[in-house]
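Enquirer: Sharing a structure below in structure tokens format, with a few things to ask.
The values are calculated or read from the model by the stated rules, or taken from the named source; none is laboratory data. Quick caveat, the model's predicted, so the values are computed rather than measured. Don't worry about glycine lacking a Cβ; one is built from the backbone with ideal geometry, like all the others, and counts go over all protein chains shown.
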DNA sequence: TATCTTTACGGGCACGTGCCCGTAACTTTC
DNA sequence: GAAAGTTACGGGCACGTGCCCGTAAAGATA
């Protein structure tokens, strides 16, 4: 019941190399002050023993605290989606606080590019050791990435990806595939002659994410030679009145819409419209396990919700930086979340 | 960037109580050798400071290693299902090995009660600190539980539950609800006049799990006044020949079976039968993300797989004991896993 | 009263690593 | 050739907790 003699440790390495533990330590942290000869000798022994530092002791002895910044949208009255990643971040922090890791959270307004840029500026001003960020705006993120490269600050993207910016990792959905799944789910209750409506409700019109989802969605129908017509609509005001007005018009023009696919969590607004206009026969699919959506799932207005484990994304985002900065182990570059299917029957056990 | 002065610690408590750290330590671990008076004084200060021991330092200083036993079915040639929980156990172990936690894994044969009892005996023989167990056989588990109560060894059930045995926690599916979800999924491709076949392939006939799933499955049809007839069959030999023979007979008796629901991971055997007998029009649903099943998902023979995150179950099972034994924090008694729906379209990102 | 036992507590080392400080030996500068 | 600077390394304390061992003081026994 006693710990085995972990004969490997700095002390053992030092003994074998005929140096002090301080010198071994210098090599381990590649600090200066060691001759090439001894350095090589020590490194060889380290490899031979497959030395793994004791993180407990390391973190206990170190006075440095590691600060991580999290840059995510604030929880608006429109959607409480970002509650979940935030809670994942908190969970991760609680787990690694013992190791001297601290997180600072910065919130921006999803409808305001400026606030995004502002929060980035704030984070970069107080040089943190690592950053988890939801890259909502492409150009600003690009600039952010180059700044991080300069400072060699690792950063992780969550929720959506912008490739080729050398993020330490991406943790989030494969949007194309996610749209593909949405299309499949839509077909379960679809009549061959019914039209399909794609609804994109967002103030940001040029959003890269939505187009990828839509592409995947359409790809399914191409792959399966489905005869159904597809209609699409962009709604750039997110309030109910505007959405209702636009939808009324679309449904007026297209009498035979049998299914609707909403590319984000605002599906509850559409659900509300369908309910109010007595069109609940229309199949409805959208995104994210947020309160309002679950309500309409419960009452059969929404057929399916697609989710990508937002809580887990927050958790993993932080843990990826922890892996890199504390454990110093490698991190998977691309980390696609499962595409979860949530229905009236299984939602009560869904762990958002 | 420096750690704040964590003024709370045994040392601070000792200072305030005018005793040595050793005495505080005695109180913390309620060992003997402290007068009631000082004990109370120290306990008051501990409460006042809301003292949280530093686990890093604690585990570093302690020479005791904590041993956890894992009792799960072996990976048979029939199914590699238990690979997933095992991998979760390994992941948890890697994470907490640093804290001086060790796991020992014990495998039993799912088709052999004796081997189950034997492994339990082995575990109890070498008093471990905590146990994760898949309670495959009810009576043996009941005996096991009383033994554990006597020794005050905490144990966690994974994959299936036996209530009222005072397990520290149950981590696994809500089988009734899971069957309910299965029924819902089955209806997507179901004609009103088609019969539904429930298939239970298992050597253990008296299995509590399957009956719960089936109950949930039937409940759905009761709740939704579906007109379809339900036929059921028990097959107690698990090889393909036997299954094929039984199914041939059932399909001969019931010409209009439109959908089949298999209550466990042996759905691939049924899939194989349906394919060989050119009955792929029959809707097929079953359990678990195992290799063979995914193959038939890919080729559209299986419509849906229902999964309960077996990897996570293994991970959480170990971590629950860790929480209890090392962190000394409370553990959720009932931990229902999500009922995941896996299809051809989303399986590639599923994290088993 | 002298000896033994019990109770109640303190001293201090250990765990494995981080890192400050000191110092020989060697090199450069004027 | 002495002073100053540089390089390469060792000593040793600190982190917060666990726990062994030692020991005064109080009580028990003869």
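Enquirer: Which one is surrounded by the fewest Cβ atoms within 10 Å (Cβ to Cβ) among residues in the range A:327-347 that are in a strand (DSSP E or B) and more than 7 Å from chain B (Cβ to nearest Cβ)? Let's see the steps before the verdict.
Expert: Taking the range A:327-347 and keeping what is in a strand (DSSP E or B), we get A:334-336, A:340-342.
Now narrow it down to the ones that are more than 7 Å from chain B (Cβ to nearest Cβ): A:334-335, A:342.
Values: A:334: 12, A:335: 21, A:342: 26.
Taking the candidates together, the pick is A:334.
Enquirer: With respect to residue A:210, determine if the residue is under 20 Å from residue A:309 (Cα atoms) and part of a helix (DSSP H, G or I). Spell out the reasoning first.
Expert: Details: under 20 Å from residue A:309 (Cα atoms): yes; part of a helix (DSSP H, G or I): yes.
Answer is yes for this residue.
Enquirer: Here is a check on your reading of the model: is residue B:75 over 30 Å from residue B:131 (Cβ atoms) and part of a loop (DSSP other than H, G, I, E, B)? Reasoning before the result, please.
Expert: Values: over 30 Å from residue B:131 (Cβ atoms): no; part of a loop (DSSP other than H, G, I, E, B): yes.
Taking the combined requirement at face value, the residue does not satisfy it.
Enquirer: Can you find a residue in the range B:331-341 that is out of contact with any strand residue (DSSP E or B) (no Cβ under 6 Å at 6 or more places or on another chain) and more than 18 Å from residue B:174 (Cβ to Cβ)?
Expert: no
Enquirer: Condition check: closer than 30 Å to residue B:282 by Cβ, more than 14 Å from chain A (Cβ to nearest Cβ) and part of a helix (DSSP H, G or I). Does residue B:200 satisfy that? Write out each step before concluding.
Expert: Numbers: closer than 30 Å to residue B:282 by Cβ: yes; more than 14 Å from chain A (Cβ to nearest Cβ): yes; part of a helix (DSSP H, G or I): no.
Criteria not met by residue B:200.
Enquirer: Within the range A:48-59, track down each residue that is within 7 Å of chain B (Cβ to nearest Cβ) and surrounded by fewer than 15 Cβ atoms within 10 Å (Cβ to Cβ).
Expert: none
Enquirer: Taking the criterion of being buried (at least 16 other Cβ atoms within 10 Å of the Cβ), within 11 Å of chain B (Cβ to nearest Cβ) and either over 27 Å from residue A:308 (Cβ atoms) or over 30 Å from the mean Cα position of the chain (by Cα) (or both), would at least one residue in the range A:25-34 satisfy it?
Expert: No: the range A:25-34 contains no residue that is buried (at least 16 other Cβ atoms within 10 Å of the Cβ), within 11 Å of chain B (Cβ to nearest Cβ) and either over 27 Å from residue A:308 (Cβ atoms) or over 30 Å from the mean Cα position of the chain (by Cα) (or both).
Enquirer: Another question, if that's okay. Condition first: on the phi < 0 side of the Ramachandran plot and within 13 Å of DNA strand D (Cβ to nearest atom). Now tell me which residues in the range A:31-44 satisfy that. Quick ask: steps written out before the conclusion?
Expert: Within the range A:31-44, the first condition is being on the phi < 0 side of the Ramachandran plot, and the residues that meet it are A:31-32, A:34-44.
Hits for the range A:31-44 are A:31, A:32, A:34, A:35, A:36, A:37, A:38, A:39, A:40, A:41, A:42, A:43.
Enquirer: In addition: Name every residue in the range A:53-89 that is free of Cβ contacts under 8 Å to residues at least 24 places away in the same chain and either more than 29 Å from residue A:270 (Cα to Cα) or within 15 Å of DNA strand C (Cβ to nearest atom) (or both), in order of residue number.
Expert: Across the range A:53-89, the qualifying residues are A:56, A:57, A:58, A:60, A:61, A:63.
Enquirer: Here are A:176, A:180: which of them is surrounded by fewer than 20 Cβ atoms within 10 Å (Cβ to Cβ) and in contact with a helix residue (DSSP H, G or I) (Cβ under 7 Å, 6 or more places away or on another chain)?
Expert: Values: A:180 fails: surrounded by fewer than 20 Cβ atoms within 10 Å (Cβ to Cβ).
Only one candidate qualifies: A:176.
Enquirer: A further question follows. Across the range A:63-80, what is the number of residues that are touching a strand residue (DSSP E or B) at 6+ places or on another chain (Cβ under 9 Å) and surrounded by fewer than 20 Cβ atoms within 10 Å (Cβ to Cβ)?
Expert: Going through the range A:63-80 one residue at a time, the tally reaches 6.
Enquirer: I've got another one for you. Can you pull out every residue in the range B:94-144 that is assigned to a strand (DSSP E or B) and within 22 Å of residue B:65 (Cβ to Cβ)? Before you say what the answer is, go through the steps one by one.
Expert: Of the residues in the range B:94-144, the ones assigned to a strand (DSSP E or B) are B:101-108, B:130-133.
Those that are assigned to a strand (DSSP E or B) and within 22 Å of residue B:65 (Cβ to Cβ): B:101, B:102, B:103, B:104, B:105, B:106, B:130, B:131, B:132, B:133.
Enquirer: Further question: Looking only at the range B:310-317, decide whether some residue is closer than 28 Å to residue B:221 by Cα, in contact with a helix residue (DSSP H, G or I) (Cβ under 8 Å, 6 or more places away or on another chain) and at pLDDT 95 or above. Before you say what the answer is, go through the steps one by one.
Expert: Residues of the range B:310-317 closer than 28 Å to residue B:221 by Cα: B:310.
Remaining after also requiring in contact with a helix residue (DSSP H, G or I) (Cβ under 8 Å, 6 or more places away or on another chain): B:310.
Add one more test, that the residue is at pLDDT 95 or above, and what stays is B:310.
Yes, the range B:310-317 contains a residue that is closer than 28 Å to residue B:221 by Cα, in contact with a helix residue (DSSP H, G or I) (Cβ under 8 Å, 6 or more places away or on another chain) and at pLDDT 95 or above.
Enquirer: Now a separate question. Give the residues of the range B:254-276 that are out of contact with any strand residue (DSSP E or B) (no Cβ under 8 Å at 6 or more places or on another chain) and modelled with pLDDT under 95, sorted by residue number. Spell out the reasoning first.
Expert: Filtering the range B:254-276 for residues out of contact with any strand residue (DSSP E or B) (no Cβ under 8 Å at 6 or more places or on another chain) gives B:255, B:272-273, B:275-276.
Result: B:255, single match.
Enquirer: While we're here: Any residue in the range A:29-43 that is out of contact with any helix residue (DSSP H, G or I) (no Cβ under 7 Å at 6 or more places or on another chain), within 30 Å of residue A:240 (Cβ to Cβ) and more than 8 Å from DNA strand C (Cβ to nearest atom)? Explain how you work it out, then say what you get.
Expert: Step one: list which residues in the range A:29-43 are out of contact with any helix residue (DSSP H, G or I) (no Cβ under 7 Å at 6 or more places or on another chain), which gives A:29-32, A:35-37, A:40.
Now narrow it down to the ones that are within 30 Å of residue A:240 (Cβ to Cβ): none.
No: the range A:29-43 contains no residue that is out of contact with any helix residue (DSSP H, G or I) (no Cβ under 7 Å at 6 or more places or on another chain), within 30 Å of residue A:240 (Cβ to Cβ) and more than 8 Å from DNA strand C (Cβ to nearest atom).
Enquirer: Output the residue which, of all residues in the range B:1-23 that are at pLDDT below 90 and surrounded by 13 or more Cβ atoms within 10 Å (Cβ to Cβ), is nearest to DNA strand D (Cβ to nearest atom). Steps first, answer last, please.
Expert: Looking only at the range B:1-23, we keep the residues that are at pLDDT below 90, and these are B:1-9.
Now restrict to residues that are surrounded by 13 or more Cβ atoms within 10 Å (Cβ to Cβ): B:8-9.
Details: B:8: 8, B:9: 3 Å.
The extreme case among them is B:9.
Enquirer: In addition: Given the criteria more than 18 Å from residue B:307 (Cα to Cα), within 24 Å of the chain's Cα centre (by Cα) and touching a residue at least 24 places away in the same chain (Cβ under 8 Å), does residue B:203 qualify?
Expert: Values: more than 18 Å from residue B:307 (Cα to Cα): yes; within 24 Å of the chain's Cα centre (by Cα): yes; touching a residue at least 24 places away in the same chain (Cβ under 8 Å): yes.
So residue B:203 fits the description; yes.
Enquirer: I've got another one for you. Under 8 Å between Cβ atoms, at least 6 apart or on separate chains: pull out the pairs that start in the range A:22-50 with a residue that is in contact (Cβ under 8 Å) with a residue 12 or more places away in the chain and end on any residue that is within 8 Å of DNA strand D (Cβ to nearest atom) and part of a loop (DSSP other than H, G, I, E, B).
Expert: The qualifying pairs are A:23/A:34; A:27/A:34; A:38/A:19; A:42/A:19; A:42/A:34.
Enquirer: Looking only at the range A:96-105, which residues are in contact (Cβ under 8 Å) with a residue 60 or more places away in the chain and facing chain B (nearest Cβ under 10 Å)? Show your work before the answer.
Expert: To start, the set of residues in the range A:96-105 that are in contact (Cβ under 8 Å) with a residue 60 or more places away in the chain comprises A:96, A:99, A:101, A:103.
Listed by number, the list holds a single entry, A:99.
Enquirer: For the range B:145-167, which residues satisfy the criterion of being surrounded by fewer than 24 Cβ atoms within 10 Å (Cβ to Cβ) and either within 13 Å of the chain's Cα centre (by Cα) or in contact (Cβ under 8 Å) with a residue 12 or more places away in the chain (or both)?
Expert: Of all residues in the range B:145-167, those surrounded by fewer than 24 Cβ atoms within 10 Å (Cβ to Cβ) come to B:145-154, B:160-166.
Scanning the range B:145-167 gives B:145, B:147, B:148, B:149, B:151, B:153, B:154, B:160, B:161, B:162, B:165, B:166.
Enquirer: Test residue B:351 against the stated conditions and say whether it is within 14 Å of chain A (Cβ to nearest Cβ), closer than 26 Å to residue B:176 by Cα and modelled with pLDDT under 95. Break it down into steps so the answer makes sense when it comes.
Expert: Values: within 14 Å of chain A (Cβ to nearest Cβ): yes; closer than 26 Å to residue B:176 by Cα: yes; modelled with pLDDT under 95: yes.
Yes, satisfied.
Enquirer: Going residue by residue through the range B:126-134, is there one that turns out to be in contact with a helix residue (DSSP H, G or I) (Cβ under 7 Å, 6 or more places away or on another chain), under 18 Å from residue B:72 (Cβ atoms) and free of Cβ contacts under 8 Å to residues at least 60 places away in the same chain?
Expert: No.
Enquirer: Which one is modelled with the lowest pLDDT, of the residues in the range A:60-72 that are more than 8 Å from every other protein chain (Cβ to nearest Cβ) and closer than 17 Å to residue A:124 by Cα?
Expert: The selected residue is A:66.
Enquirer: Report those helices (runs of 4 or more DSSP H) wholly inside the range B:219-322 carrying at least 1 residues which are within 14 Å of chain A (Cβ to nearest Cβ). So that I can check it myself, show each step before the final result.
Expert: Working: elements: B:240-253, B:267-276, B:291-298, B:310-322.
Here the list reads B:291-298, B:310-322.
Enquirer: Which one of these does residue A:120 not meet: (1) crowded, with 17+ Cβ neighbours inside 10 Å; (2) under 17 Å from the mean Cα position of the chain (by Cα)?
Expert: Among (1) crowded, with 17+ Cβ neighbours inside 10 Å; (2) under 17 Å from the mean Cα position of the chain (by Cα), residue A:120 violates only (2).
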